[in-house]
Amino acid sequence: GLGLAVNWLPDIANQIASAALLTSQDVALAFSYAGETRATVKALSLAHQQGATTIAITGNPHSPLARYADIKLVATPRESTVFRRNLRISARISMLGLVDIIYLSLFNSLDDAALEKVESMLQLYTRLDGQQTDFDDESGR
């Protein structure tokens, strides 16, 4: 982890409740390719009203979702009409690419103390990976 508190809430009731508790110190990130999913728009709208920085990753910069976004990240895969039925997969892949860019940007902005924590975690994972556990082999070898 990067030392940031992050919550992923797939349930809309939890998204709405969480959005109601956000402050100007928080960031709300919403995904919707069309930008018209009512529940997602409602949650981002509420986060925006609470003063949180709002980010929309969408394929439609003029959508209802984008209306409530302080920052709009537009993911528009370019495909010929032959591949239109695969557009959902392409949209998800392009959105995942944006998530990677956000993560790397956050990682590159870490201070030395945070980088040392990340290095410590990596060393711990390396040590744990080298140890045999009871779960590695069902035969007990």
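The values are calculated or read from the model by the stated rules, or taken from the named source; none is laboratory data. All figures in this text were calculated on a predicted structure; none of them were measured in a lab. Cβ placement follows ideal geometry from the backbone for every residue including glycine, while neighbour counts extend to all protein chains displayed. Ligands, DNA and RNA are stripped out before the accessible areas are found, and what is left, the full protein with its side chains, is counted by its heavy atoms. Shrake-Rupley method; radii C 1.70, N 1.55, O 1.52, S 1.80 Å.
Between Phe107 and Leu21, what length comes free when the chain is fully extended (0.36 nm per residue of separation minus the Cα-Cα distance, one decimal in nm)?
28.4 nm
What do you get for Rg/Rh over region 1-73 if you use C-alpha atoms and the Kirkwood form of Rh?
0.95
Using a 1.4 angstrom probe on the protein heavy atoms only, could you order Tyr103, Tyr68 from most to least accessible area?
On the way: Tyr103 115, Tyr68 70 Å².
Heavy-atom accessible area, descending, gives Tyr103, Tyr68.
Measure off 7 Å from each Cα along the Cα-to-Cβ vector at Thr53 and Asp11, then give the distance between these two points in nanometres to one decimal.
Spacing of the two 7 Å Cα→Cβ label points: 2.9 nm.
Report ³J(HN,Hα) in whole Hz for each residue of region 54-67, in order, from the Karplus equation J = 6.51 cos²θ - 1.76 cosθ + 1.60 where θ = phi - 60°; Gly and Pro get x.
Values, residue by residue: 10, 10, 10, 9, 8, x, 10, x, 10, 7, x, 4, 4, 4 Hz.
Test of understanding: what is the full-extension gain from Ala114 to Ala34, defined as 0.36 nm times their sequence separation minus their Cα-Cα distance?
Stretched fully, the Ala114-Ala34 segment lengthens by 25.2 nm.
Once amide H atoms are placed 1.01 Å from N in the peptide plane, what residues at a sequence separation of 5 or more from Thr54, or on another chain, have their amide H within under 5 Å of its amide H?
It is Ala28, Asp70, Ile71, by chain and number.
Provide the descending list of Cα extents for region 85-130 along its principal axes, expressed in whole angstroms.
Principal extents (largest minus smallest coordinate, Cα): 45, 29, 7 Å.
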